[in-house]
Amino acid sequence: MYDNWEQLEAEAKQCRKCKLCQNRNHVVFGTGNKNAKLMFIGEGPGADEDMQGIPFVGKAGKLMNMAFEAVGLKREDVYIANIVKCRPPSNRNPEDDEAQACLNYLRNQVILVKPEIIVLLGSVALKNILGKEYGITASRGKWFEKKGISYMPTWHPAALLRDETKKIDFIKDLKEVMKRMEK
Ligand code: URA
Ligand code: SF4
């Protein structure tokens, strides 16, 4: 357990707990408002994120920014992190041993931020946070409660790049989140 950000981030930045440490340029720890009511969890860094050390700065991130703007959300108001902090080679999904090795950082980020709502971006975030039995197609757009936090699974922004129709769902899910935030 960590009681401060500095300690947690410092440990993550020199982490070698899984094989993803071998090819990384940066540990992509997380970004945004550390007192946010709303948190987003993605999968893992891509090439742009690995180069810059910041989550969701590539193509998928730009699309996410546009969706945020459409619903009146500001990136500075939310906290954004990933299941794994180092880039999986060729953008493959993180493997179970990698996610398991890394999840403790994310758990501590959630403890420190204390969000009311967490948006799970895509299948990898969903399965690692709520459980392997959940599928993104059936779960997206629905609320799940766990340990005092409300979870909303939705499509991963990269999926919107491949399938335009998913943009409508994504915006709808974000609007639902905004509605609950206002309560
Ligand atoms: N995809 C993710 O899941 N996370 C990022 O930070 C960037 C792309
Ligand atoms: Fe450590 Fe996570 Fe990077 Fe693996 S992905 S080396 S567990 S920070």
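Where does the chain land at 222 nm, in deg cm²/dmol rounded to the nearest 500, when only DSSP H runs of n ≥ 4 count, each adding -39500 (n - 2.57), divided by all residues? Let's see the in-between values first.
Details: 8 runs with 81 residues, N = 183.
Mean residue ellipticity, 222 nm, calculated: -13000 deg cm²/dmol.
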- Query: What residues have an amide H closer than 5 Å to that of Val119, excluding those fewer than 5 places away on the same chain, when H is modeled at 1.01 Å from N in the peptide plane?
  - Reply: Met39, Phe40, Ile41, Met152
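When the accessible area of the chain is split by element with a 1.4 Å probe, what percent falls to carbon and sulfur? Don't jump to the answer; show the numbers that get you there.
Numbers: 4570 of 9240 Å².
Ligands and nucleic acids excluded, carbon and sulfur reach 50 percent.
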- Task: Could you point to the residue in Pro45, Leu73, Pro88 farthest towards the positive end of segment 5-182's charge dipole, with +1 and -1 charges on the Cβ of Lys/Arg and Asp/Glu respectively?
- Result: Leu73
- Hey, can you list the DSSP H helices of the chain whose Cα span along the axis is 18 Å or longer and whose average Kyte-Doolittle score is at least -1.0? 59-71, 96-113, 165-182
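Can you give the Rg/Rh ratio of the chain, where Rg is from the C-alpha atoms and Rh is the Kirkwood radius?
On the Cα set of the chain, Rg over Rh gives 0.93.
About its Cα centre, how strong a charge dipole does the chain have in debye, to the nearest 20, once Lys and Arg get +1 and Asp and Glu get -1 at the Cβ? Before the final figure, lay out the partial values.
On the way: 30 positive and 24 negative charges, 48 e Å.
Result for the chain is approximately 240 debye, rounded to the nearest 20.
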- Averaged per residue, what accessible area in Å² does the chain show with a 1.4 Å probe, protein chains only? 50
- Query: What is the Cα centroid distance between segment 81-134 and segment 19-52, reported in whole angstrom?
  - Reply: 10
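The values are calculated or read from the model by the stated rules, or taken from the named source; none is laboratory data. Just so it is clear, the model here is predicted, and its values are computed rather than measured. Cβ: placed from backbone, ideal geometry, glycine included. Neighbour counts: every protein chain shown. All accessible areas refer to the heavy atoms of the entire protein, side chains included, with ligands and DNA or RNA removed. Shrake-Rupley method; radii C 1.70, N 1.55, O 1.52, S 1.80 Å.
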